[in-house]
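This report refers to the structure that appears directly beneath it.
The values are calculated or read from the model by the stated rules, or taken from the named source; none is laboratory data. The structure displayed is predicted, hence computed values, not measured ones. Cβ atoms come from the backbone with ideal geometry, glycine included; neighbour counts cover every protein chain shown.
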């Protein structure tokens, strides 16, 4: 190699080094977070991720803004297809915290074995809610026991209030719940069909595709007046927590603590409250009390047992 | 320029009328243009409607077939949530007013809203069945109703009833009509405003010009005439209007000038009369004073001597009484003469003889003849100019004038060694002046005017009553002439002059020589001979 070529090679190395140093010394490089966390949810409609993005993007943006000074970054929203998908992502540490109702949360906890409920979700001002059992106004059904041998219209298997809780209440009453198309059904059991939407549940009951239905009190109140007046409620479940925030167990305690601190403070200013409201009507987050935590864990045995584990 | 002047007012009328005419014209043209535009729009609309109607029906037929298939699964499964989503999606590509999904029983399952108020209601109107064509397209009240079966593979799950707003192309057309009409109208209005502004400016300009023109042609002459009338009213008649216009204003100006001229003439006549009246008043005052004074004098004499006569009579002094009575008689005689003279003087103003052509020379001879008794004893030589004119006058009065002047001259010539009277005529500035000159006592210049006063006697002890010269003045002035006295002072003689306006009727004054063939006149002039130019004549 000639001297001139050595000089040129030295210059190129020096230039590359100086560019690298400049890049590292830039404000963007200096402000880059040291840790990135991901929030995960299950898509209500597997083929429509846009709906989840629309609902949760303001929430993610608020977290990102408020966590940045602490060096914690918030990654893109993780939308799982179903409980299995989300539990897998938790295991693979692709998701660090999730928001779900009690039954899916307990299912995820069981499957991933790395999820710890931490915050209570207060939605539309309610810390807890109940499921109602309804039937046509002229139906002879008067109590849960009358559902034996009849068909219950439920929403979806992942739903707490429109599937897991009614099933738990029926189990508690000694009435097994089996799918309507299950061939060897016990005549003492009740059958169920899934209507996929609360309004469909009501319509199906009215049109005779089922004898009764069950969903939460809020959905009952949201039914069109003309439909609701043709139905009546004949039973109510025990109350259950409205929703939960749970963190991956292996998440850094300091990061989790900071996330909790930020989420607990979101409802205290206008922008944070707007983001919460957009996220499916969340009013605020509250730290789970010991009693609430125990109540949630108690629901685990009931829900899981009723599921026929 | 006055803002309320007639020019400004008429200019305003003209401007307002012009503006109104232009505004009406513009508005009318705008209305016509707008009307034509609407006709054009209607024709365009009809054409587009006709052209698009078939396409519209084909498009709606396709939409109905698509929806009939698309809604089948959710309707068949009673999935109202998906039906509602499908309805919401349909609103994105069709102008949906309402959307009803009807089940197989003909009852509304959902209207796509959260309240779903139509749920369970019997579907209104007919539904496409085997005997009714599918889809049905019903147009009414600016909306289109699309009724179609929700079916797949020959199996019907229910129906869809979609009420649509007017087709997009129709809405576009209507919007085009409304917006374009509004735009066109706005444009037209803007043009109207611009034109209006221009017209306003032009009208103001025209108004100003008309105002100036009217000011020049109408207001200024009127102002001039107004000022002239004010001048006339103030008595100033020496400023005639110079307006020379062939119209009514010119006539008015000329009439004003004529009126001013007549007023001026009348005023001058009045002034002359007033002056004459003032002179007469003064004379009358003097007359009153003089008469009362001069008539009083003989009365005082009569009273005084009557008293003396009474005393003398009582004392028996008959001679003295006789003398007293003689003085009383003399005073009475004087008073009588005074009264006669006064009577004669007043008669001059009342008794007028018709004027005639009088040869002055003959008249002089008559006067000399009458005064012969006074002239001859005093040895007075009278010289009469040979060529005296013929004048037009009251013969008798003119004789009195000559007689008085000659008598006056004779009266004041007595002290002269060679008294002489000269009667002739001279020309002063083209005016014939007849004079009677003597070489007698003369008159102090300060008394030259006074001698013509009534009862004025420069010599209180002299003869006469002092009426003669006053009588002369009265007669001469009654003829329109003047009389005056000239004298270089006491002892320097005196000249009495008078003028008589005009000559004989129909001709200039004719020298007397030409008419001396008058036999009556020549026959009566034997004692006095005219000498040319001035020749002494010894009274015979």
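Okay, here's what the table says:
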item	result
Test: residue in the stretch B:118-134 that is part of a helix (DSSP H, G or I) and within 13 Å of chain A (Cβ to nearest Cβ)	no
Number of the condition not met by residue A:133 [criteria: (1) outside any loop (DSSP other than H, G, I, E, B); (2) surrounded by fewer than 22 Cβ atoms within 10 Å (Cβ to Cβ)]	(2)
Residues that are more than 20 Å from residue B:491 (Cα to Cα), in contact (Cβ under 8 Å) with a residue 40 or more places away in the chain and surrounded by fewer than 21 Cβ atoms within 10 Å (Cβ to Cβ), drawn from the stretch B:423-454	B:424, B:425, B:431, B:432, B:433, B:453
Subset of the stretch B:68-81 [more than 13 Å from chain A (Cβ to nearest Cβ) and free of Cβ contacts under 8 Å to residues at least 60 places away in the same chain]	B:70
The lone exception for residue B:374 - which of (1) under 22 Å from residue B:289 (Cβ atoms); (2) free of Cβ contacts under 8 Å to residues at least 40 places away in the same chain it fails	(1)
Candidates A:260, A:252, A:182, filtered to the one that is more than 14 Å from chain B (Cβ to nearest Cβ) and at pLDDT 95 or above	A:260
Filter result for residue A:153 (assigned to a helix (DSSP H, G or I), within 14 Å of chain B (Cβ to nearest Cβ), under 24 Å from the mean Cα position of the chain (by Cα) and surrounded by 16 or more Cβ atoms within 10 Å (Cβ to Cβ))	no
Qualifying residue in the stretch B:89-104 (condition: within 14 Å of chain A (Cβ to nearest Cβ) and assigned to a helix (DSSP H, G or I))	yes
Index of the failed condition, residue B:357 passing every other in (1) in contact with a helix residue (DSSP H, G or I) (Cβ under 8 Å, 6 or more places away or on another chain); (2) crowded, with 16+ Cβ neighbours inside 10 Å	(1)
Residue B:84 within 14 Å of chain A (Cβ to nearest Cβ) and buried (at least 16 other Cβ atoms within 10 Å of the Cβ)	yes
Extreme residue, modelled with the highest pLDDT, among residues of the stretch B:314-352 that are over 20 Å from residue B:300 (Cβ atoms) and touching a helix residue (DSSP H, G or I) at 6+ places or on another chain (Cβ under 6 Å)	B:345
Residues located in the stretch B:281-302, provided they are without any contact (Cβ under 8 Å) to a residue 60 or more places away in the chain and in contact with a helix residue (DSSP H, G or I) (Cβ under 9 Å, 6 or more places away or on another chain)	B:295, B:297, B:298, B:299, B:300, B:301, B:302
Residue selected from the stretch A:187-206 under the condition part of a loop (DSSP other than H, G, I, E, B) and either touching a strand residue (DSSP E or B) at 6+ places or on another chain (Cβ under 7 Å) or modelled with pLDDT of 95 or more (or both), by the criterion farthest from the other protein chains (Cβ to nearest Cβ)	A:189
Residue under evaluation residue A:296, criteria (1) closer than 30 Å to residue B:80 by Cβ; (2) part of a helix (DSSP H, G or I); (3) touching a strand residue (DSSP E or B) at 6+ places or on another chain (Cβ under 8 Å), criterion not met	(1)
Yes/no for residue A:216 being under 26 Å from residue B:101 (Cα atoms) and at pLDDT 90 or above	no
Residue among A:243, A:281 that is in contact (Cβ under 8 Å) with a residue 60 or more places away in the chain, away from chain B (no Cβ under 14 Å) and over 30 Å from residue B:108 (Cβ atoms)	A:243
Answer residue from the stretch A:229-251, given it is in contact with a strand residue (DSSP E or B) (Cβ under 6 Å, 6 or more places away or on another chain) and outside any strand (DSSP E or B) and is nearest to residue A:38 (Cα to Cα) among those	A:249
Which listed residue, of B:265, B:272, B:278, is surrounded by 11 or more Cβ atoms within 10 Å (Cβ to Cβ) and over 16 Å from residue B:345 (Cβ atoms)	B:265
Residue match in the stretch B:56-68 (condition: over 30 Å from residue B:196 (Cα atoms), surrounded by 15 or more Cβ atoms within 10 Å (Cβ to Cβ), modelled with pLDDT of 90 or more and touching a helix residue (DSSP H, G or I) at 6+ places or on another chain (Cβ under 8 Å))	yes
Subset of the stretch A:207-228 that is in contact (Cβ under 8 Å) with a residue 12 or more places away in the chain and surrounded by fewer than 17 Cβ atoms within 10 Å (Cβ to Cβ) - its residue that is nearest to the other protein chains (Cβ to nearest Cβ)	A:222
Test for residue B:465: is it crowded, with 17+ Cβ neighbours inside 10 Å and at pLDDT below 90	yes
Selected residue (criterion: surrounded by the fewest Cβ atoms within 10 Å (Cβ to Cβ)) from residues of the stretch A:285-297 that are in contact with a helix residue (DSSP H, G or I) (Cβ under 8 Å, 6 or more places away or on another chain) and within 16 Å of residue A:129 (Cβ to Cβ)	A:286
Candidates B:368, B:398 - the one that is more than 17 Å from residue B:492 (Cα to Cα) and more than 54 Å from the chain's Cα centre (by Cα)	B:368
In the stretch B:56-67, residue farthest from the other protein chains (Cβ to nearest Cβ) [restricted to those that are closer than 18 Å to residue B:138 by Cβ and free of Cβ contacts under 8 Å to residues at least 40 places away in the same chain]	B:58
Single residue of B:166, B:262, B:170 found to be farther than 30 Å from residue B:24 by Cβ, modelled with pLDDT of 80 or more and not in a strand (DSSP E or B)	B:262
Count - residues of the stretch B:484-501 that are within 10 Å of residue B:441 (Cβ to Cβ) and under 57 Å from the mean Cα position of the chain (by Cα)	1
